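This report concerns only the one structure given below.
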Amino acid sequence: MKRDEGTDRLEIAGKRFASRLLIGTGGYSSFAEMEACHLASGAEIATLAVGRHDLKAQAADNVLKHIDRSRITLLPNTAGAYTAGEAVRLARLAREALGTEWVKLEVLGNPTTLWPDVAETLEACRILVREGFVVLPYTTDDLVVAKRLEDEGAAAVMPLGSMIGSGLGVLNPVTLGLIIQAAKVPVIVDAGVGQASDAALAMELGADGVLLNSAVALCQDPLSMAQAMGLAVRAGRLSFLSGRIAKKTYATPSSPGAGLQG
């Protein structure tokens with residue numbers, strides 16, 4: 001049966017998206033390059049670190065002027081927060097400045113690894129959900145933490161594939177698979193993607209989406225990589241939905257008996 005990609009949508013908090021790729025806004029050589037990559041990727045959600053941009057800058061220097069919000073849903077990011085209080089403050093600032101209650105919650109615990117502080121993340125999630133935010137928390141690939149975030153009202157959970165910006169890809173497919181199987185909200189693999197095959201693998205595990213930034217912004221040909229990532233996410237999704245063959249420890253001929261003489 002041929003699958004209709006037009007009906008297979010990513011749904012978060014009642015909002016539906018044709019693309020399952022989420023993309024960042026940092027690290028590009030120019031805003032023009034960023035715009036071109038967003039378009040080439042097909043992404044419909046873009047993250048924005050509110051603490052790292054002057055949202056009141058003049059048009060040429062204002063990142064918001066280079067994001068087509070008629071096509072792209074803006075997902076403010078609390079990047080740079082190391083406590084629940086800092087993250088909540090950034091989320092409130094983003095809601096006031098950008099007019100959205102959507103937020104990618106990021107509370108870090110270590111400046112070297114940029115590893116999430118799960119205790120502070122849970123606390124911030126609890127507060128923000130209570131205040132009416134649509135919270136998408138960045139977290140570790142830990143099933144228990146993911147379920148607790150879901151229980152706190154997270155609209156999606158975003159476990160890391162590997163460390164932010166590392167390009168190491170999906171290091172723990174088994175633990176990610178456990179989260180995907182158990183979650184009742186979308187699971188978006190966030191961080192560590194280095195090449196298109198990493199994004200495809202995350203989707204083949206059954207993830208609902210992939211969020212990436214450095215893999216496109218910092219590669220040698222960002223525009224081509226943006227296209228590759230969009231295609232990889234689509235291919236990985238179709239592969240997952242198609243249902244892979246079972247793994248075996250022995251060979252099975254694809255044409256039994258072919259070439260045998262009677």
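Yes or no, residue by residue, for (1) surrounded by 11 or more Cβ atoms within 10 Å (Cβ to Cβ); (2) among the hydroxyl-bearing types (Ser, Thr, Tyr):
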residue: Met203; (1), (2): yes, no
residue: Val210; (1), (2): yes, no
residue: Asp221; (1), (2): no, no
residue: Ala228; (1), (2): yes, no
residue: Arg237; (1), (2): yes, no
residue: Leu241; (1), (2): yes, no
residue: Thr249; (1), (2): no, yes
residue: Thr252; (1), (2): no, yes
residue: Ser255; (1), (2): no, yes
I'd like the full set of residues that are aliphatic (A, V, I, L, M), modelled with pLDDT of 85 or more and either farther than 22 Å from Val103 by Cα or assigned to a loop (DSSP other than H, G, I, E, B) (or both), limited to segment 40-63. Ala40, Ala43
Within segment 180-197, track down each residue that is among the charged types (D, E, K, R) and surrounded by fewer than 24 Cβ atoms within 10 Å (Cβ to Cβ). Lys184
Taking the condition of being at pLDDT 95 or above and surrounded by fewer than 17 Cβ atoms within 10 Å (Cβ to Cβ), how many residues in segment 19-32 meet it? 0
Output for segment 111-128, where each listed residue is surrounded by fewer than 19 Cβ atoms within 10 Å (Cβ to Cβ) and in contact with a strand residue (DSSP E or B) (Cβ under 9 Å, 6 or more places away or on another chain): Leu114, Trp115
It is to be established whether one or more residues within segment 185-203 are among the acidic types (Asp, Glu), part of a helix (DSSP H, G or I) and within 13 Å of Gly167 (Cα to Cα). yes
Subset of segment 233-253 that is aliphatic (A, V, I, L, M) and in contact with a helix residue (DSSP H, G or I) (Cβ under 8 Å, 6 or more places away or on another chain) - its residue that is farthest from Arg9 (Cα to Cα): Ala235
Selected residue (only one of Ala94, Ala46, Ala79 is of a type outside the set (Ser, Thr, Tyr), buried (at least 19 other Cβ atoms within 10 Å of the Cβ) and more than 18 Å from Ile164 (Cα to Cα)): Ala94
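The values are calculated or read from the model by the stated rules, or taken from the named source; none is laboratory data. What you see is a predicted model, and the numbers here were worked out from it, not measured in a lab. Counting neighbours? That spans all protein chains shown, and the Cβs are built from the backbone with ideal geometry, glycine included.
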